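This report concerns only the one structure given below.
The values are calculated or read from the model by the stated rules, or taken from the named source; none is laboratory data. What you see is a predicted model; the values in this text were computed from it and never measured. We place every Cβ from the backbone using ideal geometry, glycine too, and count neighbours over all the protein chains shown. Accessible surface areas use protein heavy atoms only, side chains included; no ligands, DNA or RNA. Shrake-Rupley method; radii C 1.70, N 1.55, O 1.52, S 1.80 Å.
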Amino acid sequence: MYKMKIPCMFFKLDIVGQFMRVKSCMRGFSAVPEVSKECNGSKMLAWQIHGYGDLEELKLSKTVRIPHMKGPDDVLIQIAATSINPIDLAMMGGYGSVFLNKARQLEACSFSEIVEFPLVLGRDFSGRVFAKGLGVGHDINIGDEVWGALPPHLQGCHAQFVRVNKTLVHKKPHNVTLVEAASVPYAAMTAWSALKVTGDLCLSPAKGKRMLVLGGSGGVGTAAVQLLKAWGAQVVTTCRPDAVSLLESFGTDCVIDYTHPDAEKQIREEGKYNIILDAAGLGADAGPKYADCLKDWNLSKFITLRSPMLRNIDEHGMVVGMMKNAVDLAVTNVKTGLTSQCSTVRWGFFLPSSDAIKEITALVEQGKSYQSHMRE
């Protein structure tokens, strides 16, 4: 089961300040003056790791340079709150380092090996716009309260400031606090990506379809349930006994206590499903177990968020690892027998998407997503 996300405010931030145009040292950008007493000139506080390992590698650095603006589409955010995700703990131990370093090389247009350290973790954030490039439109302005999520290959947001592309940030919903907002984007965008992109719901709307979310009480699970209900789907989900009332409050059509002896029977009695989303971390190996729960000849899908993709690349390198990924996914589909029924096992991932953050923001503001969850 995915751990619940913990909003964390890493440092005290003042929220008042007189906004003004930036001085010549940030020419070509708009910015506010210094508004944090802990921010000393061009330096900031940041939690960093200087090597892979356990929590002992995590150090609070007090003299980290504030990220400088690189392009016209950059936005510099002064962090108000951030959160800890399972991916942060995994990355601290070196998970995905081979693939992520290749992604860093690609972004830097460099053929040289990238040194990722010192590395700042942290994927989702809330805060205020401190500076923005001239390519950033009027929908994001200096001083706006915003939220967003960062792809794992970028420097993270467990710091006083973070630089992001304009596509990765959006004005925070007006009906949630900064602390509440910091617990949402990464999990919600992971669920959105798994359903819309991997699950093809961007091509075939969810309305009227029957969905099963395994592990509906975790961060991604609660996001998936609420998104699917907002899209008009019929949703069945599994969870611990103490989370049943929470998921029922989202309007879930059927909530099944997975500790009940007849839980598997109940899942099948609820009918067959267009999509089964594994948000419980069962992995692709669980595909055969639930193959009989998918609708036949309906392009049904079993989507797991626990894939071996990054692990394979870590162990075998980029080329051999990707070849092994293709073989592993093909073998899994053949073993389940789903391909003969036009169904598939797929791997879901977080994908940075401006469409995702825009839609999630709109749903939260409309009260169709996350309101009950964040108030619990």
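Of the chymotrypsin sites (Phe, Trp or Tyr not before Pro) found in segment 109-176, those that fall in a DSSP loop while having at most 12 other beta-carbon atoms within 10 Å are 111.
In whole percent, how big is the carbon plus sulfur part of the accessible area of the chain, probe 1.4 Å, protein atoms only?
On the way: 9700 of 17200 Å².
Carbon-and-sulfur percentage of accessible area, whole number: 56.
For residue 80, the residues whose amide H sits under 5 Å from its own are 126, 127, 128, ignoring neighbours fewer than 5 places away on the same chain, with H placed 1.01 Å from N.
For segment 133-273, lysine pairs with C-alpha atoms less than 24 angstrom apart, excluding pairs fewer than eight positions apart on the same chain, total 16.
Whats the longest run of the chain with zero trypsin sites (Lys or Arg not before Pro) that are DSSP loop and have at most 14 other Cβ atoms within 10 Å?
My reading of the result: 208-376 is the longest stretch.
The 3J(HN,Hα) values that the Karplus relation (6.51, -1.76, 1.60; θ = phi - 60°) gives for segment 263-268 are, in residue order, 4, 5, 5, 5, 4, 6 Hz. Gly and Pro appear as x. Just so you know, the Cα atoms of the chain work out to an Rg and Dmax of 21.5, 68 Å. Looking at segment 289-343, the chymotrypsin sites (Phe, Trp or Tyr not before Pro) that sit in a DSSP loop and have at most 14 other Cβ atoms within 10 Å of their own Cβ are 297. Applying the Karplus relation 6.51 cos²θ - 1.76 cosθ + 1.60 with θ = phi - 60° to segment 62-75 yields 3J(HN,Hα) values of 9, 10, 7, 5, 5, x, 8, 6, 9, x, x, 9, 7, 10 Hz, where x marks Gly and Pro.
Taken per residue, the accessible surface of the chain reaches 46 Å², heavy atoms only and a 1.4 Å probe.
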